[in-house]
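Step one of this worksheet: look at the structure below.
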Amino acid sequence: MQPPAVHHGAMFDTDELVINMGPQHPSTHGVLRVVLRLDGEKVVNADVVIGYLHRGIEKLSENRNWTQIILLTDRMDYVAAATSNVGYCETVEKLLSLEVPRRARYVRTILCELQRIASHCLWIGTHAMDIGAMTVFLYAFRERELILDLFEEYCGARLTYNSMRIGGLPLEIPPGWDKKVLEFCKIMDSKIDEYETLLTHNRIWLERTKGVGVIGGPEAVALGMCGPALRGSGVPRDVRKDEPYAAYDEMEFDVPIGTAGDTYDRYLVRIEEFRQSLRIIRQATQGIPEGPIVGKVPRLIKPPAGETYHAIESPKGELGYFIVSDGKSTNPYRFRVRPPSFCNLQALPRLVRGHLVADVVALIGSIDIVLGEVDR
Amino acid sequence: MGEAIAFYIIAGFILIFAVLVVTAKEAVHSVVFLVIDFLFVAALYASLGAEFLAIIQILVYAGGIVVLYLFVVMLVNLKRPPEAYADPHRRTTLGFALSAAMLLEIGVIASYGYVKPAPALAAVAAPVTGNTEEVGWLLYTSYLIPFEIASMLLLVAMIGAIVLAKREL
Amino acid sequence: MVDTFVIPLLKIVIVLNATLVGVTYMVLLERKVIAWAQSRLGPMRVGPYGILQPVADAVKLMIKEDITPVRADKWLFTAAPIISMVPALIVYAVIPFGSEVSLFGRQVTLYITDINVGLLYVVSVASVGVYGIILAGYASNSKYPLLASLRASAQLISYEVAVTLTLVSVVVMAGSLSMVQIVNAQYNSHVWFVFAQPVAFVLVLIGGLAETNRAPFDLPEAEQELTGGFHTEYSGMRFALFFLAEYANMIVVSSVVTTLFLGGWLPPFPNVAAFGFLYYVPSWAWFLLKSFVFLYLFIWIRATLPRYRYDQLMNLGWKVLIPIAIANLVVTGIVRVLLL
């Protein structure tokens with residue numbers, strides 16, 4: 001239990017205090033366990049222990065047929081299930097060289113961006129709560145609720161949607177749904193300002209986030225960081241722009257980047273992403289083309305032998321799927337996910353070193369992880 | 001009569017807790033007993049009509065200094081075996097000699113005071129009434145020099161502590 | 001006999017009970033106000049609009065299993081909640097809730113006692129309350145509570161210095177340490193001290209928040225960092241005592257601020273003939289109203305602000321509040337000497 005005493009030649013022995021943050025801890029967002037070695041309140045080192053939520057989704061997928069796997073991807077990033085669905089379906093479509101109707105691609109874009117807002121709502125709520133501003137949490141959940149209602153109306157589920165199919169979408173959008181989406185955009189616009197009123201210029205918030213967990217662009221890339229966490233360090237990498245999928249090539253939007261690479265910049269990047277997502281949703285909803293919602297998909301999905309990697313921009317970052325098909329069976333030969341949360345979590349020990357215990361929770365919040373995705 | 005009873009009861013408690021301070025096995029318990037002891041001392045002051053002193057006793061000693069003791073005691077690892085405390089620089093005989101000298105001194109002073117009672121303090125008639133005001137008056141008139149010297153001493157101690165604690169100043 | 005024993009005892013009984021009831025309803029008020037701030041309803045199930053929620057809470061806490069961890073220091077573990085509760089209650093002895101009322105043909109003062117070092121008494125008793133938190137953290141024999149109690153002791157000591165220094169400037173204004181005399185001084189000077197000492201008012205308010213461990217200074221019990229802080233290992237009634245002590249302290253702070261800066265029981269524009277009609281409102285009503293404003297402010301702040309970090313809190317205390325307090329005291333002293 002007690003680490004050996006470290007002698008500094010001082011009058012008293014000084015011990016490093018080892019504390020376990022998690023797996024049952026209110027602000028490790030699930031079942032993350034961080035073993036902190038503290039010198040006073042200063043973090044000397046942090047070991048991230050993961051695996052408490054491992055369900056073997058990758059192995060499980062090798063024993064399910066191609067359609068059944070969609071449902072498993074829901075359970076990875078369970079606060080952004082729709083983007084996981086899109087990523088998987090597009091990867092299989094790439095394997096099958098399947099043409100997806102333009103209408104389906106537009107609806108996918110809308111769902112993805114709604115999902116991004118919902119996920120960021122959860123992020124801003126929990127992040128602010130970790131730093132002690134509890135009202136933002138309930139405000140953000142109030143708006144997330146509206147998005148969940150939209151999803152419920154679309155596919156009947158509120159968390160694990162199973163909302164995509166290989167080759168398109170399972171359902172036509174309900175009549176009047178696009179109007180409701182636009183209505184939501186209008187509401188959301190003012191609500192983002194509300195969050196910003198509570199946080200962006202708040203002195204305590206600035207003091208808690210500015211200069212905390214600074215990481216430069218090259219180092220962030222070297223650690224494999226992605227998504228808003230990487231863009232906060234000034235690297236303009238966004239899969240939506242760099243390798244457009246769904247209907248993003250037809251959308252007009254900006255990729256916000258930070259400059260300092262600290263917690264505050266990562267916060268600002270995500271806040272701006274709220275606005276950009278709304279911009280995309282507006283364009284996509286107003287421009288949904290006519291046509292079929294699902295492409296010409298064979299009855300029995302059996303991709304030809306081969307392998308492919310395809311990545312999308314999930315709310316947390318670059319979500320990639322690497323799938324190998326042997327061309328004979330109705331399930332993948334190998335199924336591998338590159339989860340953004342996992343890659344961002346790698347940076348945590350580097351980020352927290354030298355900061356205080358209170359900053360650890362701020363940093364866990366600022367890299368925005370979901371343990372379902374980290375452990376799979 | 002009532003005052004005497006109160007005095008003896010309070011004094012008894014002071015002694016009991018003072019003994020407990022030095023006999024308690026856990027250092028934290030010692031500190032807690034010390035706090036209780038200080039509270040009884042404050043009660044003694046209060047029973048003598050010195051409310052100001054009583055409150056200051058609680059504020060400074062019980063509420064301030066002992067909290068720092070507790071701070072240190074909690075932070076220092078005291079779960080080591082007693083051998084680890086063996087101090088190579090300890091001079092037992094010298095210690096005893098010094099305490100004997102100290103006791104003797106106190107005894108001399110006490111007996112001198114008993115034989116020849118001090119003349120009533122020629123205090124400047126304080127133009128103020130009230131406990132706090134009188135303390136203030138005396139501090140800034142008759143005892144100004146000792147007061148200033150004590151302040152200087154504390155300042156020096158404070159700077160010394162900062163220098164000791166922050167090596168890379 | 002009646003004047004020396006019966007009336008003070010009655011007053012003590014009334015004040016203690018009123019405090020405890022007030023504290024439990026304070027919890028409800030906090031939950032309701034925060035709920036409104038967060039577009040929720042708050043407790044609604046127990047009684048109409050949840051007004052019986054405190055009763056349900058009390059019953060729950062009393063019948064809950066009272067756990068003492070095996071490796072805890074049993075004596076201190078039990079003593080700690082008591083040590084934090086008792087100072088929170090005995091402070092009420094010197095708080096003047098009102099001036100005098102005549103009841104059954106007797107003039108009764110609306111305070112338990114008026115000692116000539118009242119303000120110092122409040123400060124010193126509050127400083128003893130720290131032990132409850134420190135010992136709770138130590139006695140739990142657990143790491144998170146220990147960290148929390150270290151934070152608590154450092155925080156309370158620092159802010160005590162700032163608050164006490166600031167209070168001195170009020171004492172200089174009033175020329176007395178007695179709470180009643182301070183109110184009377186405001187009566188004589190026709191103005192609440194908040195207008196004469198605005199800086200001190202803000203400092204005491206901030207320091208008061210910090211000393212009661214309220215947001216944004218609620219570091220000792222930062223649940224997001226320290227999983228509940230110093231009372232992590234406590235359950236049942238012992239936990240409830242910590243909780244009650246915190247709220248009782250909140251009421252103390254708002255009462256003290258009211259007394260020192262907002263004229264205590266005095267109406268606005270005290271001792272000004274034109275506003276004499278304000279005296280038709282009973283003195284205790286003014287006092288309660290003003291204290292309530294501060295309690296509401298505390299809750300409002302909690303609903304709005306994020307939490308400071310430990311080192312920032314220390315910097316604020318030592319490098320901002322204390323220098324300002326000293327400067328304020330010096331200026332007050334000079335002005336006072338020049339005016340005399």
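Filter the helices (runs of 4 or more DSSP H) completely within region C:189-303 down to those with at least 1 residues that are within 14 Å of another protein chain (Cβ to nearest Cβ) and over 20 Å from the mean Cα position of the chain (by Cα).
Qualifying helices (runs of 4 or more DSSP H): C:223-226.
For region C:26-52, enumerate the residues that are touching a residue at least 40 places away in the same chain (Cβ under 8 Å) and either part of a helix (DSSP H, G or I) or away from every other protein chain (no Cβ under 14 Å) (or both).
C:Met26, C:Val27, C:Leu29, C:Glu30, C:Val33, C:Ile34, C:Ala37
Please state which of the following conditions A:Val361 fails to meet, knowing it meets all the rest: (1) within 14 Å of chain C (Cβ to nearest Cβ); (2) more than 24 Å from A:Ile271 (Cβ to Cβ).
Going through (1) within 14 Å of chain C (Cβ to nearest Cβ); (2) more than 24 Å from A:Ile271 (Cβ to Cβ) one by one, A:Val361 breaks only (2).
Can you tell me how many residues in region C:135-162 are touching a residue at least 60 places away in the same chain (Cβ under 8 Å), assigned to a helix (DSSP H, G or I) and either more than 15 Å from C:Phe217 (Cα to Cα) or of a type in the set (Val, Ile, Thr) (or both)? Even if it seems obvious, please write down each step before you answer.
Narrowing region C:135-162 to residues touching a residue at least 60 places away in the same chain (Cβ under 8 Å): C:136-142, C:144-145, C:147-149, C:151-152, C:154-155, C:158-159, C:161-162.
Now narrow it down to the ones that are assigned to a helix (DSSP H, G or I): C:136-139, C:144-145, C:147-149, C:151-152, C:154-155, C:158-159, C:161-162.
Now narrow it down to the ones that are either more than 15 Å from C:Phe217 (Cα to Cα) or of a type in the set (Val, Ile, Thr) (or both): C:136-139, C:144-145, C:147, C:161.
So the count comes out to 8.
Of all residues in region A:80-99, how many are farther than 17 Å from A:Val239 by Cβ, outside any helix (DSSP H, G or I) and in contact (Cβ under 8 Å) with a residue 60 or more places away in the chain?
Here the count works out to 2.
Only one residue in C:Pro282, C:Pro306, C:Pro267 is crowded, with 17+ Cβ neighbours inside 10 Å, modelled with pLDDT under 85, within 27 Å of C:Leu103 (Cβ to Cβ) and not basic (Lys, Arg), so which one is that? Reasoning before the result, please.
Working: C:Pro282 fails: crowded, with 17+ Cβ neighbours inside 10 Å; C:Pro306 fails: within 27 Å of C:Leu103 (Cβ to Cβ).
Step by step, each of C:Pro282, C:Pro306, C:Pro267 is checked, and only C:Pro267 is crowded, with 17+ Cβ neighbours inside 10 Å, modelled with pLDDT under 85, within 27 Å of C:Leu103 (Cβ to Cβ) and not basic (Lys, Arg).
Name every residue in region A:146-161 that is free of Cβ contacts under 8 Å to residues at least 40 places away in the same chain and under 18 Å from the mean Cα position of the chain (by Cα), in order of residue number.
A:Ile147, A:Leu148, A:Arg158
Within region B:107-156, how many residues are exposed (fewer than 14 other Cβ atoms within 10 Å of the Cβ), at pLDDT below 75 and among the aliphatic types (A, V, I, L, M)?
8
Between C:Val23, C:Val55, C:Val59, C:Val86, which is in a helix (DSSP H, G or I), surrounded by 17 or more Cβ atoms within 10 Å (Cβ to Cβ) and either at pLDDT 85 or above or on the phi > 0 side of the Ramachandran plot (or both)? Let's see the steps before the verdict.
Working: C:Val55 fails: surrounded by 17 or more Cβ atoms within 10 Å (Cβ to Cβ); C:Val59 fails: surrounded by 17 or more Cβ atoms within 10 Å (Cβ to Cβ); C:Val86 fails: surrounded by 17 or more Cβ atoms within 10 Å (Cβ to Cβ).
Matching residue, one of C:Val23, C:Val55, C:Val59, C:Val86: C:Val23.
Please specify each residue of region A:161-170 satisfying the condition of being within 16 Å of A:Cys112 (Cβ to Cβ) and either part of a loop (DSSP other than H, G, I, E, B) or touching a Phe, Trp or Tyr at 6+ places or on another chain (Cβ under 8 Å) (or both).
Let us first name the residues in region A:161-170 that are within 16 Å of A:Cys112 (Cβ to Cβ), namely A:161-165, A:168-170.
Listed by number, the residues that qualify are A:Tyr161, A:Asn162, A:Ser163, A:Met164, A:Leu169, A:Pro170.
Looking at region B:3-13, is at least one residue modelled with pLDDT of 80 or more, crowded, with 17+ Cβ neighbours inside 10 Å and more than 13 Å from every other protein chain (Cβ to nearest Cβ)?
Yes.
Could you pull out every one of the helices (runs of 4 or more DSSP H) wholly within region A:283-376 that has 1 or more residues that are more than 15 Å from the chain's Cα centre (by Cα)? Write out each step before concluding.
Numbers: elements: A:340-345, A:348-352, A:357-367, A:371-375.
Once the helices (runs of 4 or more DSSP H) in region A:283-376 are filtered for at least 1 residues that are more than 15 Å from the chain's Cα centre (by Cα), what remains is A:348-352, A:357-367.
Filter region C:62-81 down to the residues that are loosely packed, with under 13 Cβ neighbours inside 10 Å and outside any loop (DSSP other than H, G, I, E, B) and list them by number.
Of the residues in region C:62-81, the ones loosely packed, with under 13 Cβ neighbours inside 10 Å are C:62-63, C:65, C:70-71, C:74.
Residues satisfying the conditions are C:Met62, C:Ile63, C:Lys74.
Taking interchain pairs and intrachain pairs at least six residues apart, which have beta carbon atoms under 6 angstrom, with the first residue in region B:125-151 and closer than 16 Å to B:Ala50 by Cα and the second modelled with pLDDT of 80 or more and surrounded by fewer than 15 Cβ atoms within 10 Å (Cβ to Cβ)?
Taking only residues 6 or more apart or on different chains, the pairs are B:Leu139/B:Phe147.
Which helices (runs of 4 or more DSSP H) sit wholly inside region A:215-270 and have at least 1 residues that are buried (at least 24 other Cβ atoms within 10 Å of the Cβ)? Can you show your working first?
Working: elements: A:217-222, A:227-231, A:239-242.
Passing ranges, in order: A:217-222, A:227-231.
Find the residue count for region C:127-150, including only residues that are out of contact with any Ser or Thr (no Cβ under 9 Å at 6 or more places or on another chain) and more than 8 Å from every other protein chain (Cβ to nearest Cβ).
Result for region C:127-150: 1.
If we scan region C:95-107, do we find a residue that is in a helix (DSSP H, G or I) and within 28 Å of C:Val256 (Cβ to Cβ)? Steps first, answer last, please.
Looking only at region C:95-107, we keep the residues that are in a helix (DSSP H, G or I), and these are none.
Taking every residue of region C:95-107 in turn, none turns out to be in a helix (DSSP H, G or I) and within 28 Å of C:Val256 (Cβ to Cβ).
When you check A:Gly234 against the structure, is it small (Gly, Ala, Ser) and farther than 19 Å from A:Thr83 by Cβ, yes or no?
On the way: small (Gly, Ala, Ser): yes; farther than 19 Å from A:Thr83 by Cβ: yes.
Judged against the criteria, A:Gly234 is a match.
If you check A:Leu122, A:Leu169, which single one turns out to be touching a Lys or Arg at 6+ places or on another chain (Cβ under 9 Å) and either among the small types (Gly, Ala, Ser) or surrounded by fewer than 23 Cβ atoms within 10 Å (Cβ to Cβ) (or both)? Before the answer, list the steps.
Numbers: A:Leu169 fails: either among the small types (Gly, Ala, Ser) or surrounded by fewer than 23 Cβ atoms within 10 Å (Cβ to Cβ) (or both).
Result: A:Leu122 is the single residue among A:Leu122, A:Leu169 that is touching a Lys or Arg at 6+ places or on another chain (Cβ under 9 Å) and either among the small types (Gly, Ala, Ser) or surrounded by fewer than 23 Cβ atoms within 10 Å (Cβ to Cβ) (or both).
With of a type in the set (Gly, Ala, Ser), farther than 26 Å from C:Arg40 by Cα and within 14 Å of chain C (Cβ to nearest Cβ) as the only criterion, which of A:Gly132, A:Gly211 stands out? I'd like the intermediate steps shown before the answer.
Working: A:Gly132 fails: farther than 26 Å from C:Arg40 by Cα.
After ruling out the rest, the residue left standing is A:Gly211.
May I ask you to say which residue of A:Val374, A:Val361, A:Val357 is under 23 Å from A:Ile57 (Cα atoms) and out of contact with any Lys or Arg (no Cβ under 8 Å at 6 or more places or on another chain)? Lay out the reasoning, then the answer.
Details: A:Val361 fails: under 23 Å from A:Ile57 (Cα atoms); A:Val357 fails: under 23 Å from A:Ile57 (Cα atoms).
Answer to the check: A:Val374.
Within the bounds of region A:107-121, is there any residue that is among the acidic types (Asp, Glu) and within 11 Å of another protein chain (Cβ to nearest Cβ)?
The initial filter retains those residues of region A:107-121 that are among the acidic types (Asp, Glu), namely A:113.
Going one step further and asking which of them are within 11 Å of another protein chain (Cβ to nearest Cβ), we end up with none.
No, because not a single residue in region A:107-121 is among the acidic types (Asp, Glu) and within 11 Å of another protein chain (Cβ to nearest Cβ).
Against the definition (within 14 Å of chain C (Cβ to nearest Cβ) and either touching a residue at least 40 places away in the same chain (Cβ under 8 Å) or not hydroxyl-bearing (Ser, Thr, Tyr) (or both)), how does A:His127 come out, yes or no? Can you show your working first?
Values: within 14 Å of chain C (Cβ to nearest Cβ): yes; either touching a residue at least 40 places away in the same chain (Cβ under 8 Å) or not hydroxyl-bearing (Ser, Thr, Tyr) (or both): yes.
So A:His127 passes the test.
So the check is Cβ under 9 Å with 6+ separation or different chains; which pairs have a first residue in region C:68-79 that's at the interface with another protein chain (Cβ under 8 Å from one of its Cβ atoms) and a second one that's in a loop (DSSP other than H, G, I, E, B)?
From region C:68-79, the pairs are C:Asp73/B:Glu26; C:Asp73/C:Ser140; C:Asp73/C:Asn141; C:Leu76/B:Glu26.
If you check A:Ala284 against the conditions, is it hydrophobic (A, V, I, L, M, F, W, C), at negative phi and surrounded by 17 or more Cβ atoms within 10 Å (Cβ to Cβ)?
Numbers: hydrophobic (A, V, I, L, M, F, W, C): yes; at negative phi: yes; surrounded by 17 or more Cβ atoms within 10 Å (Cβ to Cβ): yes.
Spelling it out, A:Ala284 is indeed hydrophobic (A, V, I, L, M, F, W, C), at negative phi and surrounded by 17 or more Cβ atoms within 10 Å (Cβ to Cβ).
Could you pull out the residue among B:Leu59, B:Leu70, B:Leu34 that is more than 10 Å from chain C (Cβ to nearest Cβ), under 16 Å from C:Val130 (Cα atoms) and buried (at least 19 other Cβ atoms within 10 Å of the Cβ)?
Numbers: B:Leu59 fails: more than 10 Å from chain C (Cβ to nearest Cβ); B:Leu70 fails: more than 10 Å from chain C (Cβ to nearest Cβ).
Of B:Leu59, B:Leu70, B:Leu34, the one residue that is more than 10 Å from chain C (Cβ to nearest Cβ), under 16 Å from C:Val130 (Cα atoms) and buried (at least 19 other Cβ atoms within 10 Å of the Cβ) is B:Leu34.
If I ask for residues that are surrounded by 22 or more Cβ atoms within 10 Å (Cβ to Cβ) and of a type in the set (A, V, I, L, M), which ones from region C:151-170 would you list?
Residues satisfying the conditions are C:Ala152, C:Leu156, C:Ala162, C:Val163, C:Leu167, C:Val170.
Taking interchain pairs and intrachain pairs at least six residues apart, which have beta carbon atoms under 7 angstrom, with the first residue in region C:106-121 and away from chain B (no Cβ under 14 Å) and the second β-branched (Val, Ile, Thr) and part of a loop (DSSP other than H, G, I, E, B)?
Final answer for the pair search is C:Tyr111/C:Ile95.
The values are calculated or read from the model by the stated rules, or taken from the named source; none is laboratory data. Owing to the predicted nature of the structure, the values given are computational and were not obtained by experimental measurement. All Cβ positions, even for glycine, are placed from backbone atoms using ideal geometry, and neighbour counts span all protein chains on display.
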